[in-house]
1. Tell me, which residues of the stretch C:437-480 get at least 50 Å² less accessible area when the other protein chains come in, versus the chain alone (1.4 Å probe)?
2. Once you've got the Cα coordinates, tell me which of B:LYS59/C:LYS339; A:LYS9/A:LYS62; A:LYS81/A:LYS127 are over 22 Å apart.
3. Which aspartates and glutamates, if any, have their Cα less than 12 Å from the Cα of A:LYS28, not counting same-chain residues under 8 positions apart?
4. So, with a 1.4 angstrom probe, what is the percent of accessible area on chain C that is carbon and sulfur?
5. With only Lys, Arg, Asp and Glu charged, each at its Cβ (+1 for the first two, -1 for the last two), find how big the charge dipole of the stretch C:105-217 is about the Cα centre; round to the nearest 20 debye.
6. Within the set of other residues whose C-beta is less than 15 Å from the C-beta of B:PRO69, count the net charge using Lys and Arg as +1 and Asp and Glu as -1.
7. Quick check: the distance between the Cα centres of the stretch A:238-256 and the stretch A:321-375, to the nearest angstrom?
8. Among rounded, prolate and oblate, which fits chain B when a ≥ b ≥ c are the square roots of the eigenvalues of its C-alpha gyration tensor, a/c under 1.5 means rounded, and a/b larger than b/c means prolate?
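The values are calculated or read from the model by the stated rules, or taken from the named source; none is laboratory data. Here the structure is a predicted model, which means the values were calculated and not measured. Counting neighbours? That spans all protein chains shown, and the Cβs are built from the backbone with ideal geometry, glycine included. Heavy atoms of the whole protein, side chains included, go into the accessibility calculation; ligands, DNA and RNA do not. Shrake-Rupley method; radii C 1.70, N 1.55, O 1.52, S 1.80 Å.
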Amino acid sequence: MSEGAVEIKDLVKTYVDDRGRPTFTAVKNINLHIDNGEFMVLVGPSGCGKSTTLRMIAGLEKITAGSISIGGRVVNDMEPKDRGIAMVFQNYALYPHMTIYNNMAFGLQLAKKKKDFISDTVGRTAKALGLNQMLERKPQALSGGQRQRVALGRAIVRSPIVFLFDEPLSNLDAKMRVQMRSEISRLHGQLGSTMIYVTHDQVEAMTMGDRICVMRDGLIMQVADPLTLYRQPANLFVAGFIGSPPMNLLRGKIYRKDGGLAFTENSEKNALTVPLAGPIQDLANRYVDKEVVFGVRPEHLSEEVKNGSHVTLKSTVDIAEPMGSESLVYLKAGTGNLIARIAGEHLFHMGQEVAVQLNMDKIHLFDVETEEVVH
Amino acid sequence: MTTVQTPRKEESQTGTVRKRLTPTQKIAIRKVLAHAFLIGFIILVLVPFIMVISASFRKGNFAPSELIPDKISLEHWKFVLGIPYQEVVNPATGETRIVKAATPPLLWFWNSIKVSFIASAGIIFLSGSAAYGFARLYFKFRSATLGTLLILQMFPMVLALVAFYVILDFTGQYIPWLGLNTQPGLIMIYLGGISSYIWMIKGYFETIPPSMEESARIDGATQFQTFIRILLPISAPIFAVVFILAFIGYMSEYPVASVVLQSSDNWTLAVGANSFLYEQEKLWGRFSALAVLSGVPITVIFLLCQRFIVGGLVSGGVKE
Amino acid sequence: MTKGSPLSLVIVALVALPALYLDFVLYQAGTGWIALIFLIIIALFVFVYLSPSAYTFRYLFPGLFGFALFVIFPLLYTVLISFTKYSSQNLLPLERVISLLRQETFSTGGSTFQYKLFKQSDTQYILYLQDEKDPARRFASDPFDLTVSTGSHAISLLDPQPLQPLPPGQQPPGQPLEMPQVTRAKLFIPMRGRQFVLPDDKLVSMEGLQKFSTRDRLWILNPDRTLTNRKDGTIIRPDFRTGFFVNEKGQRYGVGFRVFSGFENYMRIVTDPRIQGPFVRIFVWTVTFSALSVLSSFGVGVLIAVILEWKEVRFRGIYRTLLILPYAVPAVLSILIFKGLFNQEFGAVNEFLRAMFHFAPEWETNPWGARVMLLLVNVWLGYPYMMLISTGMLQSIPVTIYEASAIDGSNPLKDFYHITLPLIIPPLLPILISSFAFNFNNFNLIYLLTAGGPKMVGGGIAGETDLLVNYTFNIAFRDSGTNYGLASAVATLLFIIVGTLAWINLRMSGRRI
Ligand SMILES: Nc1ncnc2c1ncn2[C@@H]1O[C@H](COP(=O)(O)OP(=O)(O)O)[C@@H](O)[C@H]1O
Ligand SMILES: [Mg+2]
């Protein structure tokens, strides 16, 4: 079955002003395939065109070029209601003058469904969401989380084949956010519908998505499942965007040194130098005397050696943030600043000397020009 | 919020030679001053109204000048309400006559209510739908049109009287009930003054997030349904404000009404009230009775809707 | 988008069909251009409401149509008139003046007629004539209105009624009136003013009580639109500079007609001392009045708003309600009430001042007294609005700012000048400007309170307290003025001034359009 598959081809969106003159191109030619039943997250910094993309799928924005198909049908010129979609907005977009019941029933009433059917569907959905006690209330009388549930309910009642979420949790407090996150995930499990979920929060993206589409400036940077995205970022942007704290990225050059290769940070003196070992040397070979960006995740700087090739770096502690079972340690090695996630219940002091082990199997090198990862 | 009340620190030792008051004393003095000022101002506001009420009950036609009438009489009220009453014509002989208004002045008030009500309802319809177009739909020269509306509306109605006369004279030849000296004709002209209201309503629409209408669209509502069933109910407060402002504005409109409406049974309140105050003979008593009778209901309505209006004025920022 | 549903078709038809009928009537009545424009509007209407591509304009059409008819048309019409000579002296279009001249007759001693009036309805009559010498020559008119016209010269403006020959033996319908009925003033006066025209273009009108007689037209219309006098052969031609018919020597005949006069009206404003003098003075007063009105209403309004925001003051709700009163009462009534209170001899204000201070300002006869009175009344009328909007602004200022300034050793007065005013004035500026524009054109206040008085010495119809709008109104509509052309020129200038102000306001407020 592919009825919920969404296919985006060469999609472009250029906003125009009143006179039809182009003002801003928010989406610049993207291609994306979303499988039936998949939970796809669009993530990226604010203003990168996620909402625009989602709204084009919903039919709320005109498509400038390219095409969108849902379940194999091109929907470019279809009214939103005919696309088999439902959408949950960041501000919930509940109708303030209607009761919760009418909010959820509105779409069905417009579709001229039978009264019994409507009350049955709404009742069942409300019950499943724990809203059945407040059907006669108006949205003002509800808390943020309850409102968000109503918005969800309103979407579910339409029994769409594709759910669209535009930052649905960003108006909630932290605790509520975590709770709703898992509720939406559970909902996805139960309904099995395709869901496209927009967020700027990479934690949300990582925890919820089957696959994640990272966007920047109207372009897709990488589409992959969360682990791949984390382990094998395709470019500098993804490497820096995914992960918290972010990957350590140092700009420098590859030199031949003592018969081997070494990465040296760009600096007048006292530059951080990392002798390269292990498989990474093959990649580095192509960049001798050239600039690269050297990347390593904080958890790959550790105190004790695990298996694989390691390089020891001498560094001093700048600031330490003990978190209990582990610490985030801001290190200074030469002129280089590194963050390390060090396991164990330690306390670090400012100025303390630490020798960290850098796991050479987890190193990424990025081309400075293309910002792509070096394979 | 509190410009005056925030407790202030005593000035330092090196400070003033002035007699030192404790902060509590200072505040007490300020409070007394504030009350005195406000009460004084309220007296200035109320005295004219009290004098008018008094003049309406005073025998004879004197300009409002007393707080309590010396000789009480209901003659002006009777006249305004169209009730006949006896008047002494010649005090020496005791000769009397029956006085009854040919056109009961209360009719003018009723005419004004009619004209203002229908015109305001029309304004709501015209400016509401246009504001929707300007706020939510996109078309060429949208902002240019909006600016033009605002600027052209600056042309005062008074100066367009010649043209209004021409228009109504023309329409009257073909549609007699829409010509000169008809209330529908006047209402029609009043319907032209929509642009400040368009701005007000549009401003309000723009404070409403479009996502509700988008959500309705996904739910299957047509554009028109979205407008009628989502945006309009949400915007009820601004429509109330516009209605009241337009209504009060039309109740007070004088020049156009005085030119368009010629026969006294068609007059509006403004024209009729002014007609009592001829250069030669100023019938203050009758005017006062009419003013009280018609001013009170409107004032009460306004005060009841005060909260609405204030909100709308602040958000719309347009004076009429 | 939305397709034309059957319902919308029915609604469009319900509007369009009567409109089309009306258009047909207009066309039949010979108003070709207007009928054409109307037809275009109907077509536009049908297109907008049926074509999906014009969907957006369905919401805009009614409003914009009304706006075009009642704001834009009057404006353009006024601008157009400002370029014409159009006044009580040059009132009618050229064609009407020609036809009026053509109604002038002289007695030729031709046939005389017996007449009867046949009553058709309360106001409608048919005239019946029978030649005294040749009783077989009989004529009857169509039914026509006979009422005493209100306008003084309206009677002579009516076109002659055509008479048709009556076939032998036939009588006009209706009841013939008896002589005493005919000679009643109500019928006789309008009857005496009417002219009728025989099939051979001879005019007939009443001569004495009993008879009608033929009269010949005095002027013959030549193909080149000159007129020749049949009695003495004088030829007169329209002079398009003065808007009168003149003979060779420049002597004027008949009434004037409207002519295009270019910038003459505008030049008069600039050069004619009788207009320019008052114009400049009135302009200065208008600006002063508007500026002072705005400043003082704002000052009073803000002061009260600040005090009412002070939480320590009790009964703030009652105070606020009472203080809004002047805004709630219809302004016409308040203005007229003040007219009574400020009455120079008997008004309450002067009685009070006389009793307290032995002092009675001349509110009506002294220009300065009148101006002060206008400002006082206008502040009274205007401060509640300023109070309302500044209250809104004050409530948006965070309290913490005042707390911070208190720690810095400020006092209420300093707070007001250094914090409150700088914070609320910029956002209120657009409102202050539109309030200025409103007062610039505050016709009602001046018209109802002082009627412009006292008169400006040597200023003609100008009054010392007239605003530009009132002055324009006087030029156009006061009996001694009635110069529509000149009034329109002033109105156009006025519009340019206020329109520019509005434009600047629009720019400054930077509201997202
Ligand atoms: N109606 C519009 N007209 C012009 N530019 C717009 C419009 N809507 C959004 N944009 C611009 O398009 C870009 C992408 O917007 P959006 O898709 O909302 O970003 P986000 O990824 O944060 O959801 C932003 O830079 C925004 O400023
Ligand atoms: Mg967004």
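1. Output list: C:PHE438, C:PHE477.
2. A:LYS81/A:LYS127
3. Cα-Cα hits under 12 Å: A:ASP10, A:ASP217.
4. Ligands and nucleic acids excluded, carbon and sulfur give 65 percent.
5. 240
6. Taking every other residue near B:PRO69 into account, the sum is 0.
7. So the separation of the two Cα centres works out to 10 Å.
8. Oblate.
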